[in-house]
Amino acid sequence: FLPHLISSMEEVEETYVMVKPDGVQRGLVGEIISRFEKKGFLLKGLKLFQCPKELAEEHYKELREKTFYPKLINYITSGPVVCMAWEGIGVVASARKLIGATNPLQAEPGTIRGDLAVQTGRNVVHGSDSPDNGHREVALWFKEDEICQWIPAQASWLRE
Ligand code: IDP
């Protein structure tokens, strides 16, 4: 949170973004991180991580009743994921736009899923769907000491 650099009353948000196991296996980690980095959001947390089943179940608990839920849990725990915490004004909705629609065939070209994926069950990346879930998911996937509060050298070139 960089209060002295924020000139408006807009609220700083955080979002949890994750390169799913297919994105890691396909060598798309750098490409995906790059899109958020170039956009100008602040990276606060980053790690390669093998997700335990219990954590996957907690993360996707709202989808428990869905027929695809068991496959989703298998998918997310099938190999390492890359966990990211990004901060910024409007970062939650903006990250969702950069990611694109859940079904990659419906995702616009230029979005991560639109450019890099073909199937909902292999849609390479996750992004929190609301500011509340952003906080919840960053806290769920990261320990407190894995989050860095820092001011990038280019901060004043991103925000007036
Ligand atoms: P989102 O990731 O775009 O927010 P959600 O509806 O929250 O989409 O679903 C979470 C994840 O569950 C999706 O990203 C996708 O990996 C998986 N999923 C959703 N719907 C289906 C489906 O119909 N078949 C297989 N997997 C699905």
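The values are calculated or read from the model by the stated rules, or taken from the named source; none is laboratory data. In this text the structure is predicted, and so the values were computed from the model without any measurement. Side chains included, ligands, DNA and RNA excluded: accessible areas come from the protein's heavy atoms. Shrake-Rupley method; radii C 1.70, N 1.55, O 1.52, S 1.80 Å.
Length gained on full extension, Leu105 to Ala155, computed as 0.36 nm times the residue gap minus the Cα-Cα distance: 14.4 nm. Note on Ser156: accessible area is roughly 80 Å² with a 1.4 Å probe, heavy atoms of protein only.
With one equal scatterer per alpha carbon and no solvent term, the Debye-computed log10 I(q)/I(0) for the chain at 0.11, 0.12, 0.13, 0.19 1/Å reads -0.43, -0.51, -0.60, -1.26. The accessible-area ordering, largest first, of the residues Arg96, Arg26 stands as Arg26, Arg96, per a 1.4 angstrom probe. 3J(HN,Hα) along the range 116-126, derived from phi through the Karplus expression 6.51 cos²θ - 1.76 cosθ + 1.60 where θ = phi - 60°, amounts to 10, 9, 10, 9, 4, x, 9, 9, 6, 8, 10 Hz, with x in place of Gly and Pro.
Scaling against 2.2 N^0.38 Å puts the C-alpha radius of gyration of the range 95-160 at 1.41.
As a ratio to 2.2 N^0.38 Å, the alpha-carbon radius of gyration for the range 17-72 is 1.35. Note that the range 1-150 presents 54 Å² accessible area per residue, ligands and nucleic acids not counted, probe 1.4 Å.
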